[in-house]
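Report on the following structure.
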Amino acid sequence: MATSNKRKRDAAWYMTRIEAAENYRDRTYKERWTRYYKIWRNMVDQLKDRDTGKVIKDRSNISIPMAFTMLETILPRLVETLFAARPYVRLRGVPINVMDYRANKETKPWEDAAKKMEVLLDYQMNVPMDIQDEFISGLKTCCLYGTTVAYTGWRYTERTRIRRELQPVMSDDPDPLTGEPMPMLDDDGFTPIQDWQPIQETTVDYDDPEVKFMDLGLFFVDPNAEDIDDARFCGHVAYLSKEELQRMADDDDDMKLEWKKIPKLSAKNKARDYRMNAIGLPNVDDANLEQEADDNLFEVHFYWEDDRQVIIINRTYLAKDAGNPFWHKKKPYDKDVYCDDPGNFYGVGVMESIYDLQQELNTERNQRIDYRSYSMRRMFKVRRGAVLDRKQLKWRQGGIIELDKMDDLAVLDAVDSGVTTSFNQEQTIRKDAQDATGAQDVVMGSSGAKETATTTMSKDNNASVRFKMIISSLEKKLLVAISRKMIQLNQQYIDDIRLLPLFDKDDAEWPEISPEEIQGEFFLTPAGSSVEPIANKEAYKQRMVELYNIASKDPFYQQFPLKRRAFLEKIFEAYDIQDTDELLPTDAELSGQIQQQAVMQFIQTLPPDIGQALMSFVQGGGQPAPQGVPPEGGMPAAGGGANTALMQEQGLQMQGAGV
């Protein structure tokens, strides 16, 4: 049985699976995706005569960039909402079990680990890589084709660089005993002469998680799957040079390369070339006839199961067949769709929902242009037998047509085909497209001149509800899922203390993170902005500020700083500020202020001489004087209760909740 299984799991066995998945993908979606790509690029096919096949050149054949406008309006809204606040994902520590919670509930080490990992994750998403840029590409694919797939792995690369360093200047005469070069010495005969000299060194170029969004034409998945998790297998194709493959083999003990057995085929990115040909652009080979760059590339299939990784080169050579190298033991892909198609892996995108409307709009515009063109080419009625030079019928400035009789020639008026009403039809098409995508005028930054505020608000509300569902899915299925894999990879691959240079802070505040400090389980929540209508959000913020101004002046409310802090936290959240912990006093800090205020109130009730002595003691201990109480001189009399209460109230306003 073992021999039989080994014989089945060769390169041909895997390629049978892979090619079945590729054939299903291409047969079902390749032409569809090409059509959607073309309307986004605003490209149309040539008009050809059905009988002769010749290109028709005397008719309009333009495309209106409505689909492009819709997609490029929706995409920024998705991206800006996902990445409105940093860190993009918030982490909360989770105890390992009940015993861990009971033993450490006072110190809560899991919260410290969550804070460390959150800082590390935010650094990796913005310094070694720009995850927002990656998502722009991935979400554009999602809007175009309805589906996007992200790969999350670990990348380690080194590079050789040359820099200048202060080095001893070596003399031409070697040491007579050892034969080694000797440094030149200063006049004192002891101090080596030094100079800035170039040295070559190898440095780590990248050693962090890597996130890439796949070209759907190069990604394959089990045809029976609905998602990545339930797929028996999935993977992608890459085109790599010999040097890149050799570097991979040097870093991976399970990967073996025997170059004599690898077929030397010219590998080309067929998915890219197919798209380029569809819009009339040449293949890479056609554009670089002298430089056959793709001849040096190998087609590499990365095949994944939950417990297996396979690498096949040029469809025949099995370079690797081993266990999953990642500790999370999952396929390293995450997928989401713009609009879910239940039961199918691939979803519905923006282009699919407005494809026919785009074709109708193009037809309307081209017909109107053709009519105007034909209406300017006047036709005539000529009496049979009239002596008339036909060349004189061509329009020319100051032209004369010679006639024997006035009724020999008559001008035919162009038929009124209702061109003016076709403009209304175009507006109807655009409205249908806006209804299909949710990209109303107000979302694009404009609204009708005669539109009421209520109508504008209603459109914005409806569009925001639709985008809220899409963004919620993107947060959970992409942003959080990718972040979780990055966390697990950090716990696996980081084996030394790391210094994170946060250039927006002083270098004394740069955090150091050790492998032990980032272990544990975490609960992840996205920190993006809430998807609320802009008009609603502005009104809500204004109402919250007004309400806080009223409540903060109420004497009863001033006695409870904890309540005011909670209220202020709600105001920060209304302004999409999620990291309120660093902006508001903690419970311990606020408790200390409350205790201090209680001490000050007690001192004010004592006789002036005793109060002065206690005040000096409190101030000597580093405690600030309350507002309205002089640091020196006599204390106010006990009978001045009204003034004392006013000063206490002012002190609360200055010290409570930061207001």
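Annotations
- Carbon-plus-sulfur accessible fraction, segment 128-179 (probe radius 1.4 Å, protein heavy atoms only): 46%.
- Probe 1.4 Å, accessible area per residue of segment 47-101, Å²: 59
- Taking only the alpha carbons of segment 301-380, we obtain Rg and Dmax values of 26.1, 83 Å in that order.
- Counted by Cβ distance under 11 Å from Thr152, the other residues give a net charge of +3, where Lys and Arg count +1 and Asp and Glu count -1.
- Close amide-amide hydrogen proximity is noted between Val89 and Ala527, each under 5 Å apart and 5 or more residues distant or on a separate chain (H modeled in the peptide plane; Pro and chain starts excluded).
- Between the amide H of His236 and those of Phe220, Phe302, distances stay under 5 Å, these residues lying 5 or more places away or on another chain, with hydrogens modeled in the peptide plane.
- Rounded percent of accessible protein surface that carbon and sulfur make up, segment 3-94, 1.4 Å probe: 47
- Remark: segment 155-261 carries 67 Å² of accessible area per residue (probe radius 1.4 Å; ligands, DNA and RNA excluded).
- The apolar share of the surface of segment 311-361, taken as the fraction of accessible area on carbon and sulfur atoms (1.4 Å probe, ligands and nucleic acids excluded), comes to 51 percent.
- With θ taken as phi - 60° and the Karplus curve 6.51 cos²θ - 1.76 cosθ + 1.60 applied, the whole-hertz 3J(HN,Hα) list for segment 354-370 is 10, 4, 5, 5, 5, 5, 5, 5, 4, 5, 4, 5, 5, 5, 5, 5, 4 Hz, x standing for glycine and proline.
- Pairs of alpha carbons in segment 1-127 separated by more than 20 Å make up 76% of all such pairs.
- Computed over neighbours whose Cβ is under 12 Å from that of Asp370, the net charge equals +3, Lys and Arg +1, Asp and Glu -1.
- Long pairs among Lys116/Lys329; Lys30/Lys260; Lys108/Lys476; Lys212/Lys431; Lys242/Lys477; Lys105/Lys212, criterion Cα-Cα beyond 31 Å: Lys30/Lys260; Lys212/Lys431; Lys242/Lys477; Lys105/Lys212
- Rounded, prolate or oblate (a/c below 1.5 giving rounded, otherwise prolate when a/b exceeds b/c) for segment 231-350 by Cα gyration tensor: oblate
The values are calculated or read from the model by the stated rules, or taken from the named source; none is laboratory data. Keep in mind the model is a prediction, meaning the values are calculated, not measured. Cβ: placed from backbone, ideal geometry, glycine included. Neighbour counts: every protein chain shown. Each accessible area value is taken on the protein alone, full model and side chains, heavy atoms only, with ligands, DNA and RNA left out. Shrake-Rupley method; radii C 1.70, N 1.55, O 1.52, S 1.80 Å.
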